[in-house]
Amino acid sequence: MTENLIGESHRPGRIEVVCGSMFSGKTEELIRRLKRAKFARQKVEIFKPSIDTRYSDNDVVSHDQNSIPSTPIDSSSSILLLAGENDVIGIDEAQFLDEGLVRVCNELAYRGVRVIVAGLDMDFQGVPFGPIPGLCAIADEVTKVHAICVKCGSLAYVSHRLVKNDKRVLLGETQEYEPLCRECYQKALAADAQDK
């Protein structure tokens, strides 16, 4: 919050997107930013899709077991209903939410809210995922984080699915996915095609 010359308070709204592949530290970065906002005595609320129950039904939890309490939601419109007078809104696993999230985040930012969104930018087939591409387009700041390719040690490009399942949304961890660079991903796709 800042004050202008006549002493009125003004909240500069903004949208920050943290995106990348699985195991790249997106949720860890989201939690870090939200904890800093809390330390600065800002009012913070965090939301996550209710389908994400991997580590906890209610908390947002990183792969490193760092966590922060959250409110599970079924649709992006719920965020507007529950946002209240918070200074900062965090949204984890945003790729699982509907396309209305772009409008919701814009509306919050125009209200003066700092919105921090984390999510996968691509699905396991390397296709842009859910509302993340639209959010990147309207964001004030985009941070692309990278995992390390488990095959060669380069920066990972995509989350390669290890199990045979064509559903776009399949919750999983290291048994179901591995981060791969572009070259190793192409080799994995070729090997997967030979197995069919």
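What is the sum of charges around Leu80, taking Lys and Arg as +1, Asp and Glu as -1, for the other residues whose C-beta is under 14 Å from the C-beta of Leu80?
On the way: positive: Arg103, Arg111; negative: Glu45, Asp74, Glu85, Asp98, Glu107.
Summing Lys and Arg as +1 and Asp and Glu as -1 gives -3.
Quick one, what does Rg over Rh come out to for the stretch 95-174 if you take C-alpha atoms and the Kirkwood Rh?
Radius of gyration relative to Kirkwood radius: 1.02.
Which lysines have a Cα lying under 24 Å from the Cα of Lys43, excluding residues fewer than 8 positions away in the same chain?
Output for Lys43: Lys26, Lys35.
In whole percent, and with a 1.4 Å probe on the protein chains, what portion of the accessible area of the stretch 81-196 is carbon and sulfur?
Details: 3090 of 5820 Å².
Carbon and sulfur atoms account for 53 percent of the accessible area of the stretch 81-196.
Report the full-extension gain for the segment Leu81 to Tyr110: residue separation times 0.36 nm, less the Cα-Cα distance, to one decimal in nm.
Working: separation 29, 0.36 × 29 = 10.44 nm, distance 1.57 nm.
Here the segment from Leu81 to Tyr110 would lengthen by 8.9 nm.
Please sort 115-123, 141-149 by packing, taking for each peptide the average over its residues of neighbouring beta carbons within 10 angstrom, highest first. Present the calculation step by step, with values, prior to reporting the outcome.
Details: 115-123: 24.1, 141-149: 16.6.
Top of the packing list down: 115-123, 141-149.
The values are calculated or read from the model by the stated rules, or taken from the named source; none is laboratory data. Since this is a predicted model, take the numbers as computed values, not measurements. Every residue, glycine among them, receives a Cβ derived from its backbone with ideal geometry; neighbour counts consider all protein chains shown. Remember, those area values only see protein heavy atoms, side chains included, never the ligands or the DNA or RNA. Shrake-Rupley method; radii C 1.70, N 1.55, O 1.52, S 1.80 Å.
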